[in-house]
Amino acid sequence: ARLVVLVSGSGTNLQALLDAIAADPGGYGARIVAVGADRTGIAGLERAEKAGLPTFVVRVGDHATRDAWDRALAEAVAAYEPDLVVSAGFMKIVGKEFLARFGGRLVNTHPALLPSFPGAHGVRDALAHGVKVTGCTVHFVDDGVDTGPIIAQGVVEILPDDTEEALHERIKEVERRLLVDVVGRLARDGYRIEGRKVLTP
Ligand code: GRF
C-alpha cells in the first residue's frame, strides 16, 4: 500500500513508521511515498528528506481562502496516488474537498482517549481536568474535529507531578507503537467502516 504522511512538527510518529518499514520492507505491507506539511522548517520534513522521500508544503497563508488551501493540499496528496493518508501530528483541519477525495482512507492519531479532550491541546486538557488515565487514539477522520470512527486506543497513566511535556512524551511512546501497528494492519489486511465501527478481517 502507498502511504502519504502529513506532519506539522517533530515527526517522531513519521519516524516510527519509517523505522518499522525499514526493518521489514516486505512484511510491513506499506511504504511511504511522500511526506507533506503545512509549514517549512520542521524536523518532520528533515526526517523525510533524510529518508530520501519526496516532500511538499502547502501553507494556508499562500492561498486566498481556506477552501483554496484545502483543494491545493488535496491535489498535492493526490499526485502521489496514496492508498492511505496518515495525519501524524498534522495540525490543520482538512475541509470538504480533502474529505471528498480521501475520506475513508485518512487516519489521524490524537494524544488523548477520544471522545475526551479533542482538539489541539488534548494532553494539556487531560492534565488540567485531573483524569487519572489518558492515552492516544488512532481514528478515521470525518468532517468533525477528532470525531471519526475509532480504530485503536492506548492507555497511559497520569503521574502526580506530570508536566504536559513529560506526559506527552510518555503518550507518544505508546502512540508511535499504536500507529505503526494500525497502519500496517489496515494496509495488509484491509478494513471496512460501517457507521462508527471499523471492521478488520
Ligand atoms: C502527536 O502526539 C500527535 O498525536 C499530536 O502531536 C504529536 C505529534 O508528534 N497531534 P510528532 O510530530 O509525530 O513527533
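Side notes on the structure shown:
- If you check LEU113, LEU167 for being within 16 Å of the ligand (Cβ to nearest atom), outside any strand (DSSP E or B), within 16 Å of the chain's Cα centre (by Cα) and closer than 18 Å to ASN13 by Cβ, only one passes: LEU113.
- Filter result for LEU186 (within 12 Å of the ligand (Cβ to nearest atom) and either at positive phi or open to solvent by less than 40 Å² (accessible area, probe 1.4 Å) (or both)): no
- Residues in region 6-29 that are surrounded by fewer than 23 Cβ atoms within 10 Å (Cβ to Cβ) and assigned to a loop (DSSP other than H, G, I, E, B): SER8, GLY9, SER10, ASP24, GLY29.
- Any hit, region 129-149, residues being touching a Ser or Thr at 6+ places or on another chain (Cβ under 8 Å) and small (Gly, Ala, Ser): no
- Failed item in (1) away from the ligand (no atom under 15 Å from the Cβ); (2) without any contact (Cβ under 8 Å) to a residue 60 or more places away in the chain, with GLY44 passing the rest: (1)
- Qualifying residue in region 71-84 (condition: within 16 Å of the ligand (Cβ to nearest atom) and part of a loop (DSSP other than H, G, I, E, B)): no
- Condition check for LEU3 on (1) over 18 Å from HIS110 (Cα atoms); (2) open to solvent by 20 Å² or more (accessible area, probe 1.4 Å); (3) not small (Gly, Ala, Ser): one failure, at (2).
The values are calculated or read from the model by the stated rules, or taken from the named source; none is laboratory data. Since the model is a prediction, treat every value here as computed from it, not as a measurement. Every residue, glycine among them, receives a Cβ derived from its backbone with ideal geometry; neighbour counts consider all protein chains shown. With ligands, DNA and RNA removed, areas are computed over all heavy atoms of the protein, side chains included. Shrake-Rupley method; radii C 1.70, N 1.55, O 1.52, S 1.80 Å.
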